[in-house]
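Shown next, in structure tokens, is the structure this report addresses.
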Amino acid sequence: MFEYELQQIRSAELIREAEHYRQVREARRARRAAAHDATTATRSASKEGEQDAEGSVPGHRPRRLRFPRAA
């Protein structure tokens, strides 16, 4: 009987941990989505608004190739 109760307690604990893990994962996903939406809105607003001569966004690095091209 004692082993059965320990197993029930452990099972309930694992279920709580899994639920907590799911909630954390959903919160991270929501934060990433909000940050992505904010970045997209900022980029679209900067395209519509006035830009400097180069048209660059502060803090934005120009894209480079991941590997140098062969000659």
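In region 29-71, the qualifying residues are those that are loosely packed, with under 10 Cβ neighbours inside 10 Å and small (Gly, Ala, Ser), and the one that is modelled with the lowest pLDDT is Ala53. Cβ-Cβ contacts under 9 Å between residues 6 or more apart (or on different chains), taken from a first residue in region 10-26 that is surrounded by fewer than 10 Cβ atoms within 10 Å (Cβ to Cβ) to a second residue that is of a type in the set (Ser, Thr, Tyr), are absent.
The values are calculated or read from the model by the stated rules, or taken from the named source; none is laboratory data. Note that this is a predicted model, so its numbers are computed, not measured. Cβ coordinates were reconstructed from backbone atoms using ideal geometry, including for glycine residues, and neighbour counts include every protein chain displayed.
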